[in-house]
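Below: the structure, in C-alpha cells.
The values are calculated or read from the model by the stated rules, or taken from the named source; none is laboratory data. As the structure is a computational prediction, the values presented were derived from the model and not from experiment. Heads up, the Cβs are rebuilt from the backbone with ideal geometry, glycines too, and the neighbour counts pull from every protein chain shown. Side chains are part of the model used for accessible areas, which takes the heavy atoms of the whole protein and leaves out ligands, DNA and RNA. Shrake-Rupley method; radii C 1.70, N 1.55, O 1.52, S 1.80 Å.
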Amino acid sequence: MSTTTPTAEPTRQEAPGRARPRSSPSWLRRAGRWWPGVLLLVLFVAPYSALQVPGVFDGPIGSPGTLQLLALCLVFGALATGYDLLVGRLGLLSFGHALYFAAGTYATNTITLEAGLPFVASALLGLLVGAVLAALLGSVSLRVTGIGFSMVTLAFAQAGSILVERDPGGITGGEEGRAAPAQQLPASLVGIQHTANLYWIALAYLVITLVAVHWAVRSPTGRVWEGIKENERRVEVLGLRPYGFKLLAFVLAGTLAALGGIVYLLLTGGATPQTTTSDFTLSLLVMVVLGGSGSRWGPLIGGVLYTWADHRLGDLAGSGSVAGLPAALRVPLSQPMFLLGAIFVVVVYVLPGGVVRLPGHLREARTSKRSPG
C-alpha cells in the first residue's frame, strides 16, 4: 500500500499593487434589497416633515409649495418610466406619447364638465379613453417600423394638438385650456390645505407604474420584448408575432400615461394645451436619456431630476444674482431652457448611459486607480 504526501494547493500570485476584491457584508446586501421600501416609507411620511433643505426647496418639505413640486416630480418620473417601455425596452422611438397623457387629462375634465358625472366615474372613463386611443393609434403606427413609426406617431400627436387648440364646440378651451370644476371634485382634493392628499395620489401613481412596468418586464412577454429589441427577425423565426407584443407594450404605456394625465389634472386644477405638444414628448425623451434608458430606475431618476430642475432653474434665472451679471452671462443664464440644455449635454457627455450609471462609473474609477499603471 503506497502512501502519498499531501501537497498544498497552488496559490495564485496576486499582482503587485492590486487590491484583493472584497465582498460586501451580508447585512449590506440585505439592506440593498430593502432600500426601495425604505425610500417609499420616507416619501409617504414627507408631508409630516418640517425639514428645511436650503437650495433644493423654497420651504420645509411638508409645506404646500414643496409638496406640489415633489408631486409633479413623482408624476413625471412615473410617466418617463412608462414611456421607457417603448424607448428602452423595445427600441420604439415614439414622438406622440404626450397624446395619451393629454387624453387622460382632457377626457376626464370634459366628461366631468359636460356630463356632470362624479370625478371618480369621469376618471375611469378618461382612463378608458386613453387605453382605447392607444390601442387604435398603436395598431396603425406599428404597421411601419423605424423612422416611419416615429413620423406616424408624431403626425397623430400633431393632429391631437391642433384639435385641442381649435377648440371644437368649446370643449377644450383652446389656447387657454379649461379649469377643472372644483365643485365636482372630492372636497378632500380641493384647496391648498389638502395638498398632502394630492401628493399621496401622485405617490400612488408612481407605485402603480413601477409595479406594472416591473411585472411586465419580468414576465415572459417582457423577455419577448427584449428579443424584439435585439433582433426582431429572429423572434419571427421562432414563430412569434412581434406586432402583437409591440402593440401590448404600446397600449400599456399609453394607459399608464393616461392615468398620469388624470393625476396631473388634479395637481394643476385644469387641462392645458402644453401637454398635447410634441415638445412635451421630447421632454419625456430627455428625461429617459438623462436618467438611463432601459434601466429599472433610470427613467424615474431622470424624470424627477428634470422636473425639479425645470422649476428650480426658472427661479434661478429670474433671481437678482443673475440680473446683476454682465450681459454676456445674464442673457443665456436668464433662459431656463438654456440651463437645462447645458446640464443635459454635460450629463450625457460625462455619464454615458445616464445618471443611473454613476455608481458603476465610480467603481470603475476606483478599480483603475488600484490597478498598476
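Table for the structure above
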| quantity | calculated |
| --- | --- |
| In order through segment 239-248: 3J(HN,Hα) via Karplus (6.51 cos²θ - 1.76 cosθ + 1.60), integer Hz, x for Gly, Pro | x, 9, 9, x, 4, x, 5, 5, 5, 4 |
| Angle between the chain longest axis and helix 336-350 axis [Cα atoms, degrees, rounded to 10] | 20 |
| Net charge of Cβ neighbours under 14 Å - reference residue 306; Lys, Arg +1; Asp, Glu -1 | -2 |
| 10 Å Cβ shell holding at most 14 others, DSSP loop, trypsin sites (Lys or Arg not before Pro): longest site-free stretch of the chain | 144-373 |
| The chain - percent of accessible surface contributed by carbon and sulfur, probe 1.4 Å | 65 |
| Cut-off under 5 Å, modelled amide H: who pairs with residue 270 long-range | 180 |
| Accessible solvent surface per residue of segment 61-370, calculated while the other protein chains remain in place, 1.4 angstrom probe, Å² | 46 |
| Between 0 and 90°, nearest 10: helix 26-44 axis offset from the chain longest Cα axis | 10 |
| Overall form of segment 131-210 per C-alpha gyration tensor (a/c, 1.5; a/b vs b/c) | oblate |
| Contact order relative to length of segment 61-370, as percent, for alpha carbon pairs under 8 angstrom and 6 or more apart | 31 |
| Exposure ranking of 348, 251 by accessible area [1.4 Å probe, largest first] | 348, 251 |
| Solvent-accessible surface (1.4 angstrom probe) belonging to residue 188, in square angstrom, nearest 10 | 60 |
| Between helix 358-370 and the chain: long-axis angle, C-alpha atoms, 0 to 90°, nearest 10 | 20 |
| Note, ³J(HN,Hα) from phi for segment 280-291, Karplus 6.51, -1.76, 1.60, rounded to Hz, x at Gly and Pro | 5, 5, 4, 5, 4, 5, 4, 4, 5, 5, 4, x |
| MRE, 222 nm, helices only [DSSP H, n ≥ 4, -39500 (n - 2.57), over the chain, to nearest 500] | -22000 deg cm²/dmol |
| Residue of 253, 216, 103 that the Gaussian network model of the chain assigns the largest fluctuation, springs spanning Cα pairs under 10 Å | 216 |
| Answer label, with Rg and Dmax of the Cα atoms in Å calculated from the coordinates and candidates [x] 21.7, 67; [y] 24.7, 104; [z] 20.5, 75 | [y] |
